[in-house]
1. Taking GluC sites (Glu not before Pro) as candidate sites, keep only those in a DSSP loop with at most 15 other Cβ atoms within 10 Å, then name the longest stretch of the chain containing none of them.
2. Size of the dipole of the range 1-99 about the Cα centre, Lys and Arg at +1 and Asp and Glu at -1 on the beta carbon, nothing else charged, in debye to 20?
3. How large are Rg and Dmax for the range 16-88 when only the alpha carbon atoms are used, in Å?
4. Magnitude of the Cβ-charge dipole of the chain, K/R +1 and D/E -1, about the Cα centre, nearest 20 debye?
5. Subtract the Cα-Cα distance of A185 and E164 from 0.36 nm times their separation in residues, and report this length gain in nm to one decimal.
6. Based on a Kirkwood Rh over C-alpha pairs, give the Stokes-Einstein translational diffusion coefficient of the chain at 4 °C and viscosity 1.567 mPa s in µm²/s.
7. Let me cross-check I177: its accessible surface, 1.4 Å probe, with only protein heavy atoms counted, in Å² to the nearest 10?
8. Dipole of the chain (Lys/Arg Cβ +1, Asp/Glu Cβ -1, origin at the Cα centre): which of S201, L151, P41 lies farthest to the positive side?
Amino acid sequence: MLLTTAHIADACLRAGVPVRCAPPGVRAVVPGTRVRGRALPVGHAGSVDVFLEALESSSPGDILVVDNGGRLDEACVGDLVALEAQAAGLGGIVIWGLHRDTADITEIGLPVFSLGSLPAGPRTVRDRTAGDLPVTRGDIVVGDEDGVLFLPADRAEEIAATAETIRDTERRQAALIRNGTSLRAQVQFGAYLAARAKRPSLTFRDHLRAVGGEIEV
């Protein structure tokens, strides 16, 4: 059973790792598409050569993370970049900005996440500057229907193990709800309310940890 970005985000909280998400609105061009791989970050400067240069140092499975500052007045990735990335063995592209050539990108099949599409490409070439996305070569990129997360590679296995525990617990809780045992009963919500009345500082998350439950939102 696959881990979702929601499970992984909850696991980051549990592990004390900052939750770093791509800006809201970054979604898969083809719904249901997922990505996972090492980040290959690049700041867009109005010209395709920045992508070609990044691919020179790429490894199979990398995810090209394009920082175009969230601009909505130009598309910065099209079908040729997607094809070149696929030919280089990359596992996908995540864009803080727009793409174009949607029909071609869909046909190519390489997972692409972006803020949306626009027919017009860059009108000018700009100075290269460091991007604002907090992503480095030492990060892992994970994306699905809920969005995109960036994780430190040296904590990825730990986070994944915790996420699996959270996922499995939530699945068991869901099955019990469907079979007639309410979530309130499972997490002993009445006992929590009584305990909180005596100790107002008690949080629901603390109570959940004590009873082995999982609900993060």
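1. 1-144
2. I would put it at about 600 debye.
3. 13.0, 40
4. Charge dipole of the chain: 1340 debye, to the nearest 20.
5. Numbers: separation 21, 0.36 × 21 = 7.56 nm, distance 2.33 nm.
Contour length minus Cα-Cα distance gives 5.2 nm.
6. Approximately 68 µm²/s, per Stokes-Einstein.
7. I177 has an accessible surface of roughly 80 Å² with all protein chains in place.
8. Sorting the options by dipole projection puts first S201.
The values are calculated or read from the model by the stated rules, or taken from the named source; none is laboratory data. Remember, it's a predicted structure, so these values are computed and weren't measured experimentally. Here the Cβ is made from the backbone with ideal geometry for all residues, glycine too, and neighbour counts use every protein chain on show. Surface accessibility is based on the protein's heavy atoms, side chains included, excluding ligands, DNA and RNA. Shrake-Rupley method; radii C 1.70, N 1.55, O 1.52, S 1.80 Å.
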